[in-house]
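Undergrad: Let me begin by handing over the structure; questions about it come next.
The values are calculated or read from the model by the stated rules, or taken from the named source; none is laboratory data. Predicted model only: the values in this text are computed from it and were never measured. With ideal geometry, Cβ positions are generated from the backbone for all residues, glycine too; neighbour counts draw on all protein chains shown. Accessible surface areas use protein heavy atoms only, side chains included; no ligands, DNA or RNA. Shrake-Rupley method; radii C 1.70, N 1.55, O 1.52, S 1.80 Å.
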Amino acid sequence: AGRIFKALAFDSPGLLYLGGNFANWNADPASDNIVTYDGTTWTPLLISSVIIEDIVILSDTKVLLGGGTSASLSALRFYDGTSTATAVFVVDATVVVNALAFTSRGDVFIASNEAAVTGAVAGSSTNKLGKLTGLALWPLGPSTNYGVSGGDATGVKVLDNNTVLFGGPFTSAGGITTAGSLVLWQGTMFEPLDLNGQPGNSNLTTELGYA
């Protein structure tokens, strides 16, 4: 009872990753919030009380987990299949990584709730959006107006390697006012999308699909 499942992902050998906000999965007291299933056995990843919001399979040996934090645990963590997940970068207990998206050339785009997530690149503050290349977290937008303002970034979808769609109840991106709750990142600049003149709505963009 009370289990919330937020993310599912399969790697190419067929291992299922299940993440969310739950405890004692399959009657295992160690199985909290993130487990794997190989078709026979459920296995906990032992990440304690970090709530998992999204899972990205980077390769058969590396998985990126995004979610909420507990105490000093990172909201963005790698898992290599053999050990407990390790932090990509250290953030405080207020940060929630809401969504992740992976490009074919290996970059990961991040949508979060935190205006002051500090990355590994020149101490830059991502302001709710970021691009992870290796272990370096890069901000998006002009240096005077990184990321989005007026609300959280709750969804992200890669359209191609240079175009990324972000969603959420924010009101500006890169210092540009957004008429709706969607914005395109074009590699160097933001392009707001007008949803027929409708104001931003967080329910529209918590999950993003692309066909």
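Undergrad: Looking at (1) of a type in the set (S, T, N, Q); (2) modelled with pLDDT under 80; (3) in contact with a Phe, Trp or Tyr (Cβ under 9 Å, 6 or more places away or on another chain), which is the only condition S149 fails?
TA: (2)
Undergrad: Please verify whether the range 165-173 includes one or more residues that are of a type outside the set (D, E) and more than 22 Å from G66 (Cβ to Cβ).
TA: Here is the first cut: in the range 165-173, the residues of a type outside the set (D, E) are 165-173.
In the following step, the residues that additionally are more than 22 Å from G66 (Cβ to Cβ) were identified as 171-172.
For the range 165-173, residues of a type outside the set (D, E) and more than 22 Å from G66 (Cβ to Cβ): present.
Undergrad: Continuing with the same structure: Would the range 185-192 turn up any residue that is modelled with pLDDT of 80 or more, touching a Pro at 6+ places or on another chain (Cβ under 7 Å) and buried (at least 16 other Cβ atoms within 10 Å of the Cβ)?
TA: First, the residues of the range 185-192 that are modelled with pLDDT of 80 or more: 185-192.
Next cut, touching a Pro at 6+ places or on another chain (Cβ under 7 Å) only: none.
So far as the range 185-192 goes, no, none of its residues is modelled with pLDDT of 80 or more, touching a Pro at 6+ places or on another chain (Cβ under 7 Å) and buried (at least 16 other Cβ atoms within 10 Å of the Cβ).
Undergrad: Quick check: anything in the range 26-41 within 28 Å of K128 (Cβ to Cβ), open to solvent by 20 Å² or more (accessible area, probe 1.4 Å), assigned to a loop (DSSP other than H, G, I, E, B) and modelled with pLDDT under 85? Show your work before the answer.
TA: Here is the first cut: in the range 26-41, the ones within 28 Å of K128 (Cβ to Cβ) are 32-34.
From the residues that got through so far, the ones that are open to solvent by 20 Å² or more (accessible area, probe 1.4 Å) too are 32.
Those still in the list that are assigned to a loop (DSSP other than H, G, I, E, B) too: 32.
Pick out the ones that are also modelled with pLDDT under 85 and you get 32.
Yes, some residue in the range 26-41 is within 28 Å of K128 (Cβ to Cβ), open to solvent by 20 Å² or more (accessible area, probe 1.4 Å), assigned to a loop (DSSP other than H, G, I, E, B) and modelled with pLDDT under 85.
Undergrad: Restricting to the range 127-173, what's the tally of residues that are farther than 12 Å from T103 by Cα, of a type in the set (V, I, T) and under 16 Å from the mean Cα position of the chain (by Cα)? Give the steps one after another, and end with the answer.
TA: As a first pass, look at the range 127-173 and keep what is farther than 12 Å from T103 by Cα: 127-130, 134-155, 165-173.
This time we only want the ones that are of a type in the set (V, I, T), so: 144, 148, 154, 171.
Filter once more, so that each one left must be under 16 Å from the mean Cα position of the chain (by Cα): 148, 154.
The total comes to 2.
Undergrad: Further question: Could you check, for the range 44-54, whether at least one of its residues is open to solvent by less than 70 Å² (accessible area, probe 1.4 Å), at pLDDT 80 or above, not in a strand (DSSP E or B) and not hydroxyl-bearing (S, T, Y)?
TA: Taking every residue of the range 44-54 in turn, at least one turns out to be open to solvent by less than 70 Å² (accessible area, probe 1.4 Å), at pLDDT 80 or above, not in a strand (DSSP E or B) and not hydroxyl-bearing (S, T, Y).
Undergrad: Now, a different point. Identify the single condition in (1) at pLDDT below 70; (2) surrounded by 14 or more Cβ atoms within 10 Å (Cβ to Cβ) that Y79 does not satisfy, given that it satisfies every other one.
TA: So the condition that Y79 fails would be (1).
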